[in-house]
Amino acid sequence: MQDLLSVIIPCYNEGKVIGRTAEALKNAVSGQAFDYELIFVNDGSRDDTLETVKRLAAGDPKIKYVSFSRNFGKEAAMLAGLQYCMGECAVIIDADLQHPPELIPEMYKKYKEGYDQVIAKRNRNGDSKIGILFAKLYYKLANKLVDVQMVDGAGDFRLLSRRAVNALLGLKENNRFSKGLFSWIGFNQTYIEYENQERAGGESKWSFKSLLSYGVDGILSFNNQPLRICIYVGGIFIGISIIYLVYLFIQILLHGIDAPGYFTTILLVTSLGGIQLLSIGIIGEYIGRIYFEVKKRPCFIVQESNIDKAEEYK
């Protein structure tokens with residue numbers, strides 16, 4: 001009996017390209033040593049993405065869909081796909097064809113060799129020099145701060161074995177940063193490198209603000225190092241203040257009371273005030289995450305689906 005491979009495709013306003021994506025995926029996985037299902041997760045799209053997927057599903061029983069009641073984000077869409085998939089292994093792939101579907105058979109071969117995670121790692125050929133520089137700096141910083149190691153170019157495009165899928169579903173947090181969670185669960189991993197691809201259609205959903213927010217999530221989701229940095233910085237400034245006070249006291253003993261140091265006062269007030277605000281902001285981020293976790297709201301709400309059974313996320 002053939003293995004069932006589930007292909008999970010998160011979709012948000014991908015109506016211009018979703019038909020081509022479905023065709024490319026079917027061409028890549030048809031006639032292989034495995035059976036397959038294509039699971040399109042509609043993340044509250046405002047265009048005709050859902051209608052297109054429903055039309056495709058009506059003509060092909062291997063095409064399935066899950067549609068959210070609103071936009072919950074890609075993390076929620078990936079989680080839903082993992083919950084609803086029935087395969088012995090699952091591949092997560094973007095809907096814009098920036099992830100080449102033709103890699104899936106090769107990923108499956110690596111899975112059969114015993115790997116639980118087969119990770120597609122893109123090179124950055126064609127990216128701007130500034131983008132490459134910022135990416136390198138981010139990964140260098142993140143890997144020094146977080147408790148797991150993240151690889152530049154390794155994203156969501158990967159194959160996961162059933163036990164890797166079950167391990168991810170066993171992680172119940174609502175503030176999910178999948179790139180870190182993939183590393184956290186471990187298991188046997190291997191990489192397949194591929195060339196950077198252009199979008200086949202539509203527009204990127206990642207603005208600078210959303211990328212920045214995603215980067216902050218990556219740093220704060222897996223460690224308490226930023227809180228410790230606040231302690232370290234506070235300790236350093238306390239030490240500097242003590243040294244400065246001793247210096248001023250000696251100056252007074254030697255030369256008497258001098259004119260007030262306006263510049264010194266302003267410098268200390270602004271620097272210490274900035275550090276305090278930064279520290280409060282970091283603490284606030286952690287408190288905000290605790291606030292959302294204790295509410296225990298579901299990561300997503302499904303409005304409709306053509307899949308009868310799914311594992312509930314509790």
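Values quoted throughout were computed directly from the atomic coordinates according to the rules given, and no laboratory measurement underlies them. What you see is a predicted model; the values in this text were computed from it and never measured. With ideal geometry, Cβ positions are generated from the backbone for all residues, glycine too; neighbour counts draw on all protein chains shown.
Roughly what would the spin-label model give for I301 and D47, points 7 Å off Cα along C-beta, in nm?
So the two model labels end up 2.6 nm from each other.
Using mean Cβ contacts within 10 Å as the protection proxy, how do 77-87, 156-166, 185-195 order, highest first?
In decreasing order of mean packing, 77-87, 156-166, 185-195 become 77-87, 156-166, 185-195.
G155's amide H: which non-local residues (gap 5+, or another chain) put their own amide H closer than 5 Å, with H modeled 1.01 Å from N in plane and none for Pro or chain starts?
R122
Quick one: how many lysine pairs in segment 1-127 have C-alpha atoms under 15 angstrom apart, if they're 8 or more apart or on different chains?
Number of lysine pairs found: 6.
Non-local amide H neighbours of I63 (under 5 Å, H modeled in plane, Pro and chain starts lacking H): which ones?
Those qualifying (amide H under 5 Å, at least 5 residues apart or on another chain) are L38.
Could I have the simple spin-label model distance between V294 and L278, label points 7 Å from Cα toward Cβ, reported in nm to one decimal?
2.9
Per residue of segment 159-172, what does 6.51 cos²θ - 1.76 cosθ + 1.60 with θ = phi - 60° give for ³J(HN,Hα)? Whole Hz please, x for Gly and Pro, Karplus curve as stated.
These are the phi-based 3J(HN,Hα) values: 9, 10, 6, 4, 5, 5, 4, 5, 5, 5, 5, x, 8, 9 Hz.
Between K62 and Q32, what is 0.36 nm times their sequence separation minus the Cα-Cα distance? Round to one decimal in nm.
That works out to 9.4 nm of additional length.
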